[in-house]
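Inspection log for the structure reproduced underneath, given as structure tokens.
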Amino acid sequence: MAASLDMEGPALSLELLPTDPLLLILSFLDYRDLMSCCYLSRRLNQLSSHDPLWKRHCKKYWLISEEEKNQRNQSWKAIFISTYSDLGRYIQYYATLKKAWDDLEKYLGQRCPRMIGSLKESVQEEDLDAVEAQIGCKLPDDYRCSFRIHNGQKLVVPGLMGSMALSNHYRSEDLLDIDTAAGGFQQRLGLKQCLPLTFCIHTGLSQYMALESVEGRNKYEIFYQCPDQMARNPSAIDMFITGTSYLEWFTSYVNKVVTGGYPIIRDQIFRYVHDKECVATTGDITVSVSTSFLPELSSVHPPHYFFTYRIRIEMSKDALPEKACQLDSRYWRITNAKGDVEEVQGPGVVGEFPIISPGRVYEYTSCTTFSTTSGYMEGYYTFHCLYYKDRFFNVTIPRFHMVCPTFKVSTARIVSKIVRCSFSCVNFDRIETNHNEYAVDEEEDSTDTDEYEDRRRVLDIPAPSGRCPRHT
């Protein structure tokens, strides 16, 4: 008979396994498991200290390059351990934030070197701990991690977090350093336990981060404050939401910058968003549009949403010289979210009558306001030919949409509304409230009614500021 199949062979042990397969297996382990292997046996301790195994982790978590490794004159394992001892609490954020900062510095270094010069060096753990003790709140780890790389910037112009300019309005937001941010920490009603992230020295505008879930905000939510102009209570502050966490807020902004989503104009980052489909070509002339929402000139109560748009008019460089022409007039068809239409027609654009010739580009900015949270514009320009002055033609302006960012209404308004409902109901057990706490009351969704004007005068509410020539 054949030999018995149940005979046991010699026990397999780590000591009998060849080195190369073991090193291959170890190369798939995460740093935690690789470190644990150091304590299992003498052989695994030796293999787990194989320096090339730690190269992958140094590059993955700390973005350490070969050049930096050579400068340190340390092994990959030693570099990983020493970096972990300093930044280990941020290991899930560090590589993402470090790459964002590196990409931003590289991109702006070629285009806005003055802005790069305004960045501050990193802070240490004890500095961040001292700020937490000062404000009495814990800072999120992604925020702390970013400031271990760069401590914001000096209060200068232009600001790192973007600019916006109209004929009579200018905004440029700095990324605040940790001490300045701590000095602006809020404990007052309406902004309780909120830390400023940015600041504009021209408008006083800031983006805040909620350090606790209070007053209707989610923890670590980032927003622009928007005072409720219809309320007597100064703590009634609505919010335009710009981020759900520091990591998401900062990296999404950097991505927009370094991919060219935001244009660089006069050594500044301008926060115009361009929809690639928002382009129209008529003959040799192409018109494209980018837009931006301005929170500092907007309000939820009363509903007044302010947008600016930047228009680029360009004639193909391959056009014949006799195609040169001059813009005479403009026509706009403006539609809000309710379907209401306004038509505007007038001479030139922003007081000018630009001449367009082969290869030439003309750009200008203008603005519009809506009493609804969204709307769109479209229209055409009328040109006349310079060589054939009796020849006129229209150039299409593509339809472009403007949408207000997500917002939350003040909890003070919600409470006030519930109280008013309570006193107006005879049967208190049948009170019905609006569960969509972020909705705008329908009767307040227009600034064009006589009722609104009368109410504004009675409460002595200033008219929304920042208006500029519209629809040009």
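The values are calculated or read from the model by the stated rules, or taken from the named source; none is laboratory data. Bear in mind that the values here come from a model prediction, so they are computed numbers and not experimental data. In this analysis, Cβ positions are derived from the backbone assuming ideal geometry, glycine residues included, and neighbour counts consider all displayed protein chains. Just the protein is used for accessible areas: all its heavy atoms, side chains included, with ligands, DNA and RNA removed. Shrake-Rupley method; radii C 1.70, N 1.55, O 1.52, S 1.80 Å.
Data for the structure
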read-out: Selection status of residue 235, open to solvent by less than 30 Å² (accessible area, probe 1.4 Å), small (Gly, Ala, Ser), in contact (Cβ under 8 Å) with a residue 12 or more places away in the chain and not assigned by the TED database to the domain that holds residue 173; value: no
read-out: Filtered residues of segment 194-203 (kept if at pLDDT 95 or above and over 17 Å from residue 153 (Cβ atoms)); value: 194
read-out: Selection count, segment 343-371, where residues are open to solvent by less than 80 Å² (accessible area, probe 1.4 Å) and either over 19 Å from residue 279 (Cβ atoms) or without any contact (Cβ under 8 Å) to a residue 40 or more places away in the chain (or both); value: 12
read-out: Considering residues of segment 239-267 that are over 23 Å from residue 97 (Cβ atoms) and out of contact with any helix residue (DSSP H, G or I) (no Cβ under 8 Å at 6 or more places or on another chain) only, the residue most open to solvent (accessible area, probe 1.4 Å); value: 266
read-out: Residue list for segment 304-320, restricted to those being touching a residue at least 60 places away in the same chain (Cβ under 8 Å) and within 23 Å of the chain's Cα centre (by Cα); value: 304, 305, 306, 307, 308, 309, 311
read-out: Test: residue in segment 313-324 that is among the basic types (Lys, Arg) and at positive phi; value: no
read-out: In segment 334-368, the residues that are assigned to a strand (DSSP E or B), farther than 13 Å from residue 472 by Cα and touching a helix residue (DSSP H, G or I) at 6+ places or on another chain (Cβ under 9 Å); value: 356
read-out: Some residue of segment 88-101 being more than 26 Å from the chain's Cα centre (by Cα), of a type outside the set (Val, Ile, Thr) and part of a helix (DSSP H, G or I); value: yes
read-out: Selection count, segment 71-83, where residues are in a helix (DSSP H, G or I) and free of Cβ contacts under 8 Å to residues at least 40 places away in the same chain; value: 9
read-out: All positions within segment 324-354 that are in contact with a strand residue (DSSP E or B) (Cβ under 7 Å, 6 or more places away or on another chain) and basic (Lys, Arg); value: 330, 333
read-out: Some residue of segment 231-240 being under 16 Å from the mean Cα position of the chain (by Cα) and farther than 30 Å from residue 359 by Cβ; value: yes
read-out: Which listed residue, of 449, 411, 433, 369, is β-branched (Val, Ile, Thr), modelled with pLDDT of 85 or more and farther than 30 Å from residue 263 by Cβ; value: 411
read-out: Residues located in segment 179-211, provided they are in contact with a helix residue (DSSP H, G or I) (Cβ under 6 Å, 6 or more places away or on another chain), more than 20 Å from residue 151 (Cβ to Cβ) and hydrophobic (A, V, I, L, M, F, W, C); value: 205
read-out: Every residue from segment 217-227 that is part of a loop (DSSP other than H, G, I, E, B) and either touching an Asp or Glu at 6+ places or on another chain (Cβ under 9 Å) or in contact (Cβ under 8 Å) with a residue 40 or more places away in the chain (or both); value: 217, 219, 220
read-out: Scan of segment 15-35 for residues that are assigned to a helix (DSSP H, G or I) and touching a residue at least 12 places away in the same chain (Cβ under 8 Å), ordered by number; value: 15, 19, 22, 23, 26, 31, 34, 35
read-out: So residue 214, is it assigned to a loop (DSSP other than H, G, I, E, B), without any contact (Cβ under 8 Å) to a residue 24 or more places away in the chain and open to solvent by 20 Å² or more (accessible area, probe 1.4 Å); value: yes
read-out: In segment 1-58, residue modelled with the lowest pLDDT [restricted to those that are of a type in the set (Ser, Thr, Tyr) and surrounded by fewer than 10 Cβ atoms within 10 Å (Cβ to Cβ)]; value: 4
read-out: Qualifying residues in segment 372-400 (those that are open to solvent by 20 Å² or more (accessible area, probe 1.4 Å) and outside any strand (DSSP E or B)) - the one farthest from residue 282 (Cα to Cα); value: 373
read-out: Near pairs, Cβ below 9 angstrom, 6+ apart or cross-chain, from segment 106-132 (closer than 16 Å to residue 267 by Cβ) to any residue that is acidic (Asp, Glu); value: 111/267; 112/267; 113/267; 114/267; 115/267; 116/105; 118/174; 119/105
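Condition check ((1) open to solvent by less than 60 Å² (accessible area, probe 1.4 Å); (2) over 28 Å from residue 212 (Cβ atoms)) across all residues:
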position	(1), (2)
107	yes, yes
112	yes, yes
132	yes, no
136	no, no
139	yes, no
142	yes, no
